[in-house]
Amino acid sequence: GNVLGVLTVPFILKFVLEGVVHGLQIDALQLLESLLLTILLPLILGKIVRHCNKSIMNFGKARKTELSLINNGSLVLIVWQTISESQQTVMSTDLVSILLLVISGIIIHFVFFGLNFLVAKIVKWGIEEQRAVILIASQKTLPVAVTIISYFGAQVGNKGLITLPCILAYLAQLFIDSFIVSRWVANDAKLSCQNEKIYLVLPRNQKNYCDNDLINNTSSMQIQKNQQNCCE
C-alpha cells in the first residue's frame with residue numbers, strides 16, 4: 001500500500017490541490033523523486049539486507065519491540081518538530097474546526113472501510129485475508145503523510161496546521177480499528193468455544209452409542225448361549 005502510495009500520491013496531490021488553490025504549482029516529479037529516495041529506497045535496501053543476511057533477520061525478530069519503539073519515537077519527534085514550528089497557528093485554531101477535522105477523518109475511514117469490505121466479499125477471499133485487506137487498505141499511515149507534508153513549499157500552507165488533521169485522523173482510525181479487531185477476536189473466541197463444546201459432546205454420544213451396542217450384542221450372545229445350553 002505504501003509503495004503504491006509513493007508512486008501515485010504526488011500526481012493526485014497535484015491534481016487536487018492545484019484545482020482547489022488558485023495559482024498553486026506543485027512539482028509532482030520532484031516530490032516523487034524525494035519520496036523514492038526517502039521512503040521507497042530505504043525500504044528496498046532494508047528488505048534486501050534482511051533477506052541476504054540471516055543474522056540481521058534474526059536480530060530484527062529478536063529486537064522487534066525495541067525497533068518498533070525507535071520507529072514510533074522517531075515519528076513522534078518529527079511530528080513534534082513540525083507542529084512546534086507552527087505553534088501559534090495551531091493553538092489559535094478553534095475547537096470546532098478541530099472537531100470537524102476528527103469527524104471528517106472518521107467518515108473517510110469508514111468510507112474506505114465499506115469499499116474494501118465490498119471488494120473483499122466480491123473477490124471471496126478467506127476470512128483472514130478479508131480482514132487483513134479491510135484493515136490495511138482502509139488505514140492511512142502517518143509517516144508517509146508527514147514525509148509528504150515536509151516537502152511542501154510555503155505556498156501550500158502552514159505545515160504544522162496541515163499535519164494536525166493527519167495526526168487526528170490517524171489516532172481516530174487506531175481507536176476504531178482496535179475496537180473492531182477486539183470484536184473480531186471476541187466473536188472468534190465465542191465461536192471456537194461453541195465448536196469445542198459440540199466436539200466434546202459428539203464423541204461422548206458416539207461412545208455411549210457404542211457402549212449400548214456392546215451391551216446389546218453381549219446380551220444377545222448371552223441369550224443365544226443360554227438357549228444352546230437348554231437345548232443340550
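Quick note: the coordinates plus some simple rules give every number you see, no bench work behind them. Just so you know, these numbers come straight off a predicted model, no measurement behind them. Every residue, glycine among them, receives a Cβ derived from its backbone with ideal geometry; neighbour counts consider all protein chains shown.
Place +1 on the Cβ of every Lys and Arg and -1 on the Cβ of every Asp and Glu in the stretch 1-97, take the dipole about the Cα centre, and give the residue among L29, N71, S92 whose Cα lies farthest towards its positive end. Of L29, N71, S92, it is N71.
What separates the Cα centres of the stretch 59-90 and the stretch 5-58 is a distance of 19 Å.
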